[in-house]
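Some notes on the structure that comes next.
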């Protein structure tokens, strides 16, 4: 029995390592995709799909740990302190929203992903408003909320599709 427990822990650590690697690669690829729509800061949020997977297929503590590791590692590898600070603000607010909504009976993963996309942008802009003491960023937040809905829908559809296929091959 103890051997099975050890094997399961090893599999879980390996899966988490794979998911973190996927998030880092997706984040790097995303940073190379030029999105020039006249509004700075718009990103697809590709790694959000991995977090949706973790929320539904693993557990919330693991999903939170994955978010924190992704923010820290991607900030150290590709950004800096400001990158970590803003990504953490967005990540925490996003994970709060996704954690709560994923537990609502009948809530679809695409809806949860959309809420996560919006919440991520709200967290980042709220931090910017506090640091810069610029309440006019609320106008910017309105645009980013629409983008968060669209990008959250896209990543949610992809994550939901992957989860459906994984359930069938189990």
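No value in this document is a laboratory result; all are computed from the given coordinates. Since we're looking at a predicted model, the values are computed, not measured. Neighbour counts are summed over all protein chains in view; Cβ atoms, including those assigned to glycine, are modelled from backbone coordinates with ideal geometry.
Taking each pair of distinct Cα atoms in the stretch 71-170 once, what is the resulting Kirkwood hydrodynamic radius in Å? Walk me through the intermediate numbers first.
Details: mean 1/r = 0.0690 Å⁻¹.
Taking every pair of different Cα atoms in the stretch 71-170, averaging 1/r and inverting gives 14.5 Å.
In degrees between 0 and 90, to the nearest 10, how far off the longest principal axis of the chain does helix 109-132 point, with axes built from Cα atoms? Relative to the chain, helix 109-132 is tipped by roughly 40 degrees. Ordering 72, 168, 155 by the number of other Cβ atoms within 10 Å of each residue's own Cβ, fewest first, gives 168, 72, 155. The long axis of helix 81-102 is offset from the longest Cα principal axis of the chain by roughly 60 degrees. Tell me the angle of helix 48-57 to the major Cα principal axis of the chain, expressed in degrees between 0 and 90 and rounded to the nearest ten. So the helix axis and the longest Cα principal axis differ by about 40 degrees.
Neighbour counting of Cβ atoms within 10 Å sorts the residues 151, 16, fewest neighbours leading, into 16, 151.
Distance between Cα centroids, the stretch 112-134 to the stretch 37-98: provide it in whole Å. If we compute the Cα centre of each part, the gap is 12 Å.
Can you put 62, 134 in order, fewest other beta carbons within 10 Å first?
Numbers: 62 16, 134 12.
By the 10 Å Cβ count, ascending, the order reads 134, 62.
Length available on full extension from residue 82 to residue 146: 0.36 nm per residue minus the Cα-Cα distance, which gives 20.6 nm.
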